[in-house]
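To start, the structure under review is shown below, and the notes come after it.
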Amino acid sequence: MRRRHQVDKLIYDQIQEHRAHPDPSRTDILTLLMSARGEAGEAMTDVELRDELMTLLVAGHETTATALAWALYWIHKLPSVRQKLLQELNSLGDDPDPSAIFKLPYLNAVCCDLRIYPVGMLLLPRVVKAARTLMGYELAPGTVIVGSIYLTHRREDLYPEPEQFKPERFLERQFSPYEYLPFGGGSRRCIGLSFAQFEMKVVLAEMLSRFDLALADNREVKPVRRGLVSAPNGSVRMMVTGERLHSPTPQLTSSSV
Ligand code: HEM
């Protein structure tokens, strides 16, 4: 409760600061949320703004950031993956449209095979409403069940050599929502799915087109539980080894994701 109070204070201070100094030219997410209007022309209340920011911070930020860290790891761990990706990105020319980036098949396949270490290992819990039998188990009303994304993504019959990062598997066949579910499923599926996929692809395309990156060490990175998500054990340290286009941050020489 104390921590929640501290977080609330930080967020409400930001909201007050934005209200005190309105600047429509700003493009940060809070400014955009504050300028949004409902069907009757109404703006969001402070509590609604706080709730939206909490969703973005708690459900949206770490999940996507962690998936990006895994993507950078695999792309640079496996030179052939990086090469194919760069080839595909180059085909779009300079300054590509984000929607063209979003549709790139190999980039999409790379993001899909992050299946190997799903950021969310489990679905959110479901409660059985009416008695039923599932794969021989009698499920009484009130029983709480939690589906395992991790185990589904490790099924050999669906994903041959499940321990291998192989984007091609997503080019060779299509998976049903019961076979591939990094964002969960059904009516409570992740509300941020499209946003996260779009963000990841644009960020990866931008980073890979601007910088030559390399893993800072050869360590094998494995997933560990971190709060609600599973994440790399330690940071995935990267080095900038070269720069392709003019970058506004030339002083950047190394970073840790
Ligand atoms: C790579 C990024 C992300 C992954 C892997 C991910 C994964 C998941 C998973 C597995 C669930 C549980 C779904 C279920 O039980 O069926 C979930 C729920 C949710 N996610 Fe995400 N998520 C990501 C990004 C985001 C973003 C960017 C947002 C917000 C902008 C977000 C907001 C939510 C919310 C609000 C729920 C609860 C939905 C509900 O209960 O109706 N997530 N997410």
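Just so you know, all these numbers are worked out from the coordinates, no wet-lab data involved. Keep in mind the model is a prediction, meaning the values are calculated, not measured. Every residue, glycine among them, receives a Cβ derived from its backbone with ideal geometry; neighbour counts consider all protein chains shown.
Details
- Computed from the C-alpha gyration tensor, the three semi-axes of the ellipsoid equivalent to the chain are 31, 31, 18 Å, from longest to shortest.
- Principal semi-axes of the equivalent ellipsoid, √(5λ) from the alpha carbon gyration tensor of the range 91-236, are 32, 18, 15 Å from largest down.
- On the basis of the beta-carbon distance and an R0 of 30 Å, Glu179 and Ala216 show a calculated FRET efficiency of 0.30.
- Over the chain, DSSP H runs of length four or greater, each weighted -39,500 (n - 2.57), average out per residue to a 222 nm ellipticity of -12000 deg cm²/dmol.
- Karplus 3J(HN,Hα) series, Hz, for the range 190-202 with 6.51 cos²θ - 1.76 cosθ + 1.60 (x for Gly, Pro): 3, 6, x, 3, 5, 4, 5, 5, 5, 4, 4, 5, 5
- In nm, spacing of pseudo-spin labels at Gln14 and Thr143 (7 Å Cα→C-beta vector): 4.2
- Close Lys pairs in the chain (alpha-carbon distance under 25 Å; sequence gap of 8 or more, or different chains): 13.
- For Met121, residues with placed amide H under 5 Å, excluding near neighbours: Ser230
- Extension gain, Lys103 to Leu228: 0.36 nm times the residue separation minus the Cα-Cα distance gives 42.0 nm.
- For the range 3-75: rounded, prolate or oblate by the Cα gyration tensor [a/c cutoff 1.5]: prolate
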